[in-house]
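**Q** So that we are looking at the same thing, I have put the structure below in structure tokens.
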Amino acid sequence: MSRILQAESQAVQLDAGRLRLRHARVRGALNFVHEFANPAAEAIIAELSGLFKTARIYETDKPILFVCGGKIEDGTKLRPQLLEWVSGKYPDAIILLAEYAFRDTIFHDPPKFVNIATFEKLISDVADCVVLFPESVGSFAELGLFSHITDVRSKTLIINDFNEYASDSFLANGPIRTIDKYSYLSPSIPIHPTAPDFTHVAERLGKVILRKKEKTRRFEYKEFKKLRALQRMQVALEIIHIFQVVSLDGMHHCIKLIFGSASYDILRQMISILVGMGYVRRVENHFCYARKKDSLLRIDDSTLERLKARALYYYMKH
């Protein structure tokens, strides 16, 4: 046990991702089936399975905001101005940007085409709300798409350029009006693009934050295919959190043993969303847990820390 505790303390000092890859290269392990094809790993996964099935686990109360609009690099657009404001006003908010997540999808092996409309629907399912600035060609398309998806339009907040807010346009009389009709965050908010005042935005996001804190859910064990999109992503992140670095095949094997069969395509997209959120970073074909990030699940069990120590010890030994 002392050796395990010593290994746990080393985890604070070492980059577990690079440590794992260095050991893998030395042992020629990058060409094997996956990193968990070992009885010692199976024992850790079995204990992790028991944790998911019996421990008191709660989902994060941090709001996840899917923010759409103009290019981040263009400081004249409203979206980058809002993101800067949110980082100061709501430091605990988790920001989701589709372009960062979508960019990661091209690095999976083998590469596969990903329908961006379907992908953004998945991102919307994960998010607590969608904040949309109709200020670019892409955001016009997103506006039309989201206005026709019941579960998305009900939690979408439109923030529009003050100069366009009252225009007699297709966007104003079509998708914006539809979203305003069904969203609990309506009506849409006019903002002056050169001197934005986000006071009313704060009022609406306050609703999202309050709802998230008051309706924090307990994670209930189910087959993977029956979990909600957010829960699937939370499971994927928690596995990376415990093992610190995981391959896609290793992730699939682990989830299959604990939750039953899981689609590779779904796992690839979930991991890319986590990369886009900054919770996971890619190192070649492995995925490492980002430093200074809290898990998206709160597990009230001392077993968690022991599992993390066992996982590090496993990697160091095997």
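**Q** For the structure I just gave you, tell me whether residue 217 is surrounded by 13 or more Cβ atoms within 10 Å (Cβ to Cβ) and farther than 30 Å from residue 314 by Cα. Spell out how you get there, then give the answer.
**A** Details: surrounded by 13 or more Cβ atoms within 10 Å (Cβ to Cβ): yes; farther than 30 Å from residue 314 by Cα: yes.
Spelling it out, residue 217 is indeed surrounded by 13 or more Cβ atoms within 10 Å (Cβ to Cβ) and farther than 30 Å from residue 314 by Cα.
**Q** Tell me, which strands (runs of 3 or more DSSP E) wholly within the stretch 255-318 include 3 or more residues that are touching an Asp or Glu at 6+ places or on another chain (Cβ under 9 Å) and over 30 Å from residue 111 (Cβ atoms)?
**A** 297-299
**Q** Return only the number of the condition from (1) of a type outside the set (Val, Ile, Thr); (2) surrounded by fewer than 15 Cβ atoms within 10 Å (Cβ to Cβ); (3) touching a residue at least 60 places away in the same chain (Cβ under 8 Å); (4) under 14 Å from residue 63 (Cβ atoms) that residue 228 does not satisfy.
**A** Single failed check for residue 228: (4).
One line per residue, one yes/no per condition, for (1) of a type in the set (D, E, K, R); (2) outside the structural domain of residue 41 (by TED's automatic domain parsing); (3) surrounded by fewer than 21 Cβ atoms within 10 Å (Cβ to Cβ); (4) in contact with a strand residue (DSSP E or B) (Cβ under 8 Å, 6 or more places away or on another chain):
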| site | (1), (2), (3), (4) |
| --- | --- |
| 200 | no, yes, yes, yes |
| 208 | no, yes, no, yes |
| 222 | yes, no, yes, no |
| 238 | yes, no, no, yes |
| 256 | yes, no, yes, no |
| 262 | no, no, no, no |
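**Q** Right, here's the next one. Looking at the stretch 175-214, which of its residues are part of a loop (DSSP other than H, G, I, E, B), out of contact with any Ser or Thr (no Cβ under 8 Å at 6 or more places or on another chain) and under 18 Å from residue 66 (Cβ atoms)?
**A** Scanning the stretch 175-214 gives 186, 188, 198.
**Q** Mind checking whether some residue in the stretch 76-96 is polar (S, T, N, Q) and within 30 Å of residue 310 (Cα to Cα)? Please lay out each step first, then the result.
**A** Residues of the stretch 76-96 polar (S, T, N, Q): 76, 81, 87.
Adding the requirement that they be within 30 Å of residue 310 (Cα to Cα) leaves none.
Checked the stretch 76-96: no residue is polar (S, T, N, Q) and within 30 Å of residue 310 (Cα to Cα).
**Q** Within 24 Å of residue 99 (Cβ to Cβ) and touching a helix residue (DSSP H, G or I) at 6+ places or on another chain (Cβ under 6 Å): is that true of residue 274 in this structure? Talk me through it step by step, then tell me what you get.
**A** On the way: within 24 Å of residue 99 (Cβ to Cβ): yes; touching a helix residue (DSSP H, G or I) at 6+ places or on another chain (Cβ under 6 Å): yes.
In short, yes.
The values are calculated or read from the model by the stated rules, or taken from the named source; none is laboratory data. Treat the numbers as computed from the prediction; the structure is a model and nothing was measured. When we count neighbours, we look across all protein chains shown, and the Cβ atoms used for this are built from the backbone with ideal geometry, even at glycine.
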